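J.: Before anything else, here's the structure in question.
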C-alpha cells in the first residue's frame, strides 16, 4: 500500500470525523458533545474538500458548523438542568451489537463493489494518478440546475414551501400563549 | 431518452400542488385579516378549497396519453392516471380533515393549523406523482415534517406533545435509513430518476446482497409511513395523542400517498424482468421485494388484529386496525409484480380509496362523540343509537366497511385484494388475510354492539352535529355506501386504468 499525501490527509480527516463522533455520544457533558459535533462536522468538510467538492465543503462549514451547531449550543445554554446527561442506558449493549452487525453488513456490501470497480486498498481513490477533471464552473452549474425547469426546479421550490410550513408551525408551537386563545376561542365562535 | 419539456403540460402536472400552496398562503393571510369571530370559517375555506382543487384537477389537468409526455419537469414527476387517482384521494382526505377540524374547539379558529395541514397534503400529493429519488424524498419529508408539527399542535396537552415527540424521533430515524438506501441506489447506478434507475440496475452486474440491503433500507421508510409491523410502534400512541383531525390525516392522506409511492418505486426500480422488455441478461430483483412485502403483510395483519382485540380506547382500536389494514394493502402490493392485468395494483388503489373515506367517517364520529362526552372510551359509546341514531348509523357503516361486510365499500376492496393474491399464485397470503378478517370482525362488531345493545347513562341526549360535520360525514358516508354498491364498477375501472400506468416503464 502506497502512502501519499492525499491518503495521509484522508486518514487525518477520517480520524477527526470518527473520533469527534465517538466523543459526541460518550461524553457526559452535553455542551462538550456539541463542541465535538462541530469537530466531527469539520472532518466531514475536509473529506468533501479532498473529494474536490469545494462547494459542499464550504456549505458544510457555513451551515452545519456555523449555523446548526451554534443553534444546538444556544438550545443547550438556554435549557437549564440538561447540561449533564448519562450517555448510556440499559440498552447500550444491544445498541453496540446492532451497530457492529450493521457495519459488518455495509462493509460486506461495499467490498465486492470496490473490487468490481477495480479499486484496490482503502486509499486507492485518493491516490489515483489521473482523477477526472472537475469543471471549473461547477458552482454555476449547480446554481443553474436549481432553477432549471428540466433540472431540479420542482424539488427546490417544494423545499421552500416545506420550509415555510415548518417555520409557521415551529413559531406556533413555541410562541407564548396569548391569554385564553389557546384554550378556547370566544363562546360565540365555538357554539 | 429525454423527458418532455412541454411548458403547459408541466404546469398542468403540478397544478393541484400550485393551487394548494396558494390556498395555504391565502389561509395564513386570512388568519391575520379576518376578525376573531369569523375565523372558524377558515375551515370552510380550507375544506371547500381542497374539494375545488380536486375538481379543477380532474377537469383541467387530465394526464397526457404517452409515457414520454407524462414524465415532466426533468423527470421529477410522472403525471399519469395513478398519480391522478391517488391525488384525488389524498386531497379528499385533507379536505375532510379540514372540515372535521371545525369541531375541535382549540383548533377550529387557527389559520396556521389549516395552512400547515394543507402543506402536508401537498407533500402527500407529490408523493403520488414523484418519479425521482430526490422528489420522492422531499415529498416524503414534506408530509413527515408537517405531521410532526401537527401531531404535537395541542400545547399544554401532554399526550399530544408526547405523541409529537414519539412520531418525530421514530420518523427521523426511519427517514435517515431511507435516505441511506436511496443514496446507495444512486451510488450503484448514477441515476436519480426511478425509471432510468430501474433500467440501469436491471442491466448492471451488482451483487445481490448490495441491492437487497438498499431495498430493505428504503422499505423501512415506507413501512413507517404506512405503519406496517415492525415499524408500527408509534401508531397507537400517536393516533391516541394527536388532535383527531390529524389522526384522520395520518390514516388517509399520508398513508395513501405512501402506498402510491411504494408501488411506483418498487415496480420501477426493481421491475420484474418481463417489464424491461425481457432482454437477455436482464436481472430480476422483484422477488426480493415481493418476499419482503409478503412477510411484512402477514405480521402486520396478524399483530394489528390480535392487539386490537384488547383495546378499550376507540382511537387506539382504530390505530391497531390501521396496522392490520396496512397488512391487507401489502397483500395487494405483493401481488403487483406478477400480473400484467394490473389487478393487484387496481385492488390496492380501490382499497386505499375506500379506506380514506371510511377512516374519515370513523374519526369524524369519534371527534363529535369526544366533544359531546369528553370521552374516547368504547364503553362510553353505549346507547349512542338512542342518543343520535344517524351518528350511530354512520359509525356502523364505517365499522362494517373496515370489517369488510357488504354493503360497505370495504367488502369489495377486500374481495379484490384477495382475488388479486389468488391470481398471483399467493393463495396462502389470501388465506391468512381471510383468517384475519374473521378476527377483525370481532372487535369491530363489539363497538356496534355497544352502540346499539347497551344502555348508557345519558340516553336521549343527542350529540350535536354542526354543519361542517354534516357535510364531511355525508360525503364520506355516501362514498362508502355508493362505492360498495352501485358505483363499484366506475371506481374499479378508474383504478384499473390507473394501475395499468404502473406497468408502462420507459
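None of the figures in this text is laboratory data; all of them are computed from the coordinates on show. These numbers come from a predicted model, not from an experiment. Reconstructed Cβ throughout: ideal geometry from the backbone, glycine too, with neighbour counts over all protein chains shown.
J.: What do you get for Rg/Rh over segment A:135-176 if you use C-alpha atoms and the Kirkwood form of Rh?
T.: Across segment A:135-176, the Cα-based Rg/Rh ratio is 1.27.
J.: For chain B, find the longest principal axis of its Cα atoms and tell me its angle to the long axis of helix B:81-101, 0 to 90°, nearest 10.
T.: On a 0 to 90 degree scale, this one is about 20.
J.: Next question, about the same structure. Could you work out [θ]222 nm for the protein assembly as shown from helices alone, using -39500 (n - 2.57) per DSSP H run of at least four and dividing by all its residues? Round to the nearest 500 deg cm²/dmol.
T.: That comes out to -23000 deg cm²/dmol.
J.: Could you give the length gained on full extension between residue B:454 and residue B:504, defined as 0.36 nm per residue of separation minus the Cα-Cα distance, in nm?
T.: Contour length minus Cα-Cα distance gives 12.6 nm.
J.: Rounding to the nearest 10 and keeping the result within 0 to 90°, find how far the Cα-based axis of helix B:286-308 lies from the longest principal axis of chain B.
T.: Helix B:286-308 sits roughly 10 degrees off the main axis of chain B.
J.: Let me ask you something else. Averaged across B:131-140, how many Cβ atoms of other chains sit within 10 Å of each residue's Cβ atom?
T.: That works out to 3 on average.
J.: Students often check this: by mean Cβ neighbours within 10 Å, which of B:5-17, B:75-87 ranks highest, and how do the rest follow?
T.: B:75-87, B:5-17
J.: While we're looking at this one, here's another question. Sorted by packing (mean other beta-carbon atoms within 10 Å per residue), highest first, where do B:479-488, B:238-247 land?
T.: In descending order of packing, they fall as B:238-247, B:479-488.
J.: When the expected Rg is taken as 2.2 N^0.38 Å, what fraction or multiple of it is the alpha-carbon Rg of chain B?
T.: This ratio for chain B stands at 0.92.
J.: Enter the Cα centre distance for the pair segment B:144-162 and segment B:425-497, rounded to the nearest angstrom.
T.: 28 Å
J.: To continue, here is another question. For the residue pair residue B:204 and residue A:12, what label-to-label distance in nm results when each label sits 7 Å from Cα along the Cα-to-beta-carbon direction?
T.: About 3.4 nm, to one decimal.
J.: Here's something else I'd like to know. When a footprinting reagent is the concern and you count Cβ atoms within 10 Å, what order do B:471, B:428, B:34 take, fewest first?
T.: Exposure proxy ranking, most exposed first: B:428, B:34, B:471.
J.: So for the pair residue A:142, residue A:171, with labels modelled 7 Å out along Cα→Cβ, what separation do we get in nm?
T.: 2.9 nm
J.: Once you treat every alpha carbon in the protein assembly as shown as an equal point and sum by Debye, what is log10 I(q)/I(0) at q = 0.05, 0.06 Å⁻¹?
T.: Each listed q maps to, in turn, -0.25, -0.36.
J.: For helix B:389-403, what angle does its Cα long axis make with the longest principal axis of chain B, in degrees from 0 to 90 and rounded to 10?
T.: Roughly 30 degrees between the two axes.
J.: Another question, if that's okay. With labels modelled as points extended 7 Å from the Cα through the Cβ direction, what inter-label distance (nm, one decimal) is found for residue B:470 paired with residue B:60?
T.: 3.1 nm
J.: What does the average come to when, for each residue of peptide A:163-176, you count the partner chain Cβ atoms lying within 10 Å of its Cβ?
T.: What the average comes to for A:163-176 is 6.
J.: Given a cut-off of 21 Å, what percent of all Cα-Cα pairs of segment B:77-146 lie beyond it?
T.: Taking all Cα-Cα pairs of segment B:77-146, the fraction more than 21 Å apart is 29 percent.
J.: Would you please give the FRET efficiency between residue A:86 and residue A:156, computed as 1/(1 + (r/R0)^6) with r the Cβ-Cβ distance and R0 = 45 Å, to the nearest 0.05?
T.: With R0 = 45 Å, the Cβ-Cβ based efficiency is 0.60.
J.: Please list B:67-74, A:91-98, B:122-129 highest first by mean number of surrounding beta-carbon atoms within 10 Å per residue.
T.: So the peptides B:67-74, A:91-98, B:122-129, ranked by packing, come out B:122-129, B:67-74, A:91-98.
J.: Can you tell me the relative contact order of chain B? Whole percent, Cα pairs under 8 Å, sequence separation 6 or more.
T.: Normalised by residue count, the contact order of chain B is 16 percent.
J.: Mean 1/r over all different Cα pairs, inverted: what Kirkwood radius does segment B:108-216 give, in Å?
T.: 15.7 Å
J.: Enter the mean number of other protein chain beta carbons within 10 Å of the beta carbon of each residue in B:155-162, as an integer.
T.: Taking all residues of B:155-162 together, the mean is 1.
J.: Estimate the FRET efficiency between residue B:186 and residue B:41 by the formula 1/(1 + (r/R0)^6), using the beta-carbon distance for r and 56 Å for R0, to the nearest 0.05.
T.: Once the sixth-power term is evaluated, E becomes 0.75.
J.: Ratio of Rg to Rh for segment A:1-87, alpha carbon only, Kirkwood?
T.: Result for segment A:1-87 is an Rg/Rh of 1.08.
J.: While we're looking at this one, here's another question. Based on the Cβ-Cβ distance of residue B:377 and residue B:442, what FRET efficiency does E = 1/(1 + (r/R0)^6) give at R0 = 25 Å, to the nearest 0.05?
T.: 0.85
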